[in-house]
Amino acid sequence: MKNLPCYLLKLIIPTTVLIAAAFAIAMCMAVAMPASADEDWRKLHEEVKAGRIKPLAEILDSLQRDWEGQVIDVEFEEDGGQRLYEIEMLGPEGQVVEFEVNAETGELIGIEGSNINGMKRQ
């Protein structure tokens, strides 16, 4: 390193420090990730494979056949024994609408938001 030009040393040292800092942050995030979240997704995947709940892709295809918009958020919840996909879509006029879909049957059971009819496909 002592034979390198000065301008290269100025680039190498900060880059090395930056890489070490990024690695340290990544390791902290990996440790901080709760194992239960990973386990929840594994269980959800098993439920889909067993046919007890509908695959998300199937639900999204169904929604996008009837509604115009872009999916911006998806959550899976169990509410009072009922398993739901909560899907938020951004409509063509900037409206945000949340669709509640029964994860077991694929039935649309609720819609909340403004200007919902502005998203309905003709």
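Values in this text are rule-based calculations from the coordinates and carry no lab data. For clarity, every value in this text was computed on a predicted model and none was experimentally measured.
For segment 52-60, take each phi angle, set θ = phi - 60°, evaluate the Karplus expression 6.51 cos²θ - 1.76 cosθ + 1.60, and give the result in whole Hz per residue in order, putting x for glycine and proline.
The phi angles translate into 7, 9, 6, x, 4, 4, 5, 5, 5 Hz.
Ordered by residue, what ³J(HN,Hα) values in Hz, to whole numbers, does segment 94-104 give under the Karplus form 6.51 cos²θ - 1.76 cosθ + 1.60, where θ = phi - 60° and Gly and Pro are x?
So the Karplus estimates, Gly and Pro as x, are x, 6, 10, 10, 9, 10, 9, 10, 5, 5, 7 Hz.
Determine which aspartates and glutamates satisfy two conditions relative to LYS49: a Cα distance under 17 Å, and not lying fewer than 8 residues away in the same chain.
Result set, ordered by chain and number: ASP38, GLU39, ASP40, GLU58, GLU104.
What full-extension length gain, to one decimal in nm, is calculated for GLU75 and SER114 as 0.36 nm per residue of separation minus the Cα-Cα distance?
That pair, GLU75 and SER114, stretches by 12.1 nm at full extension.
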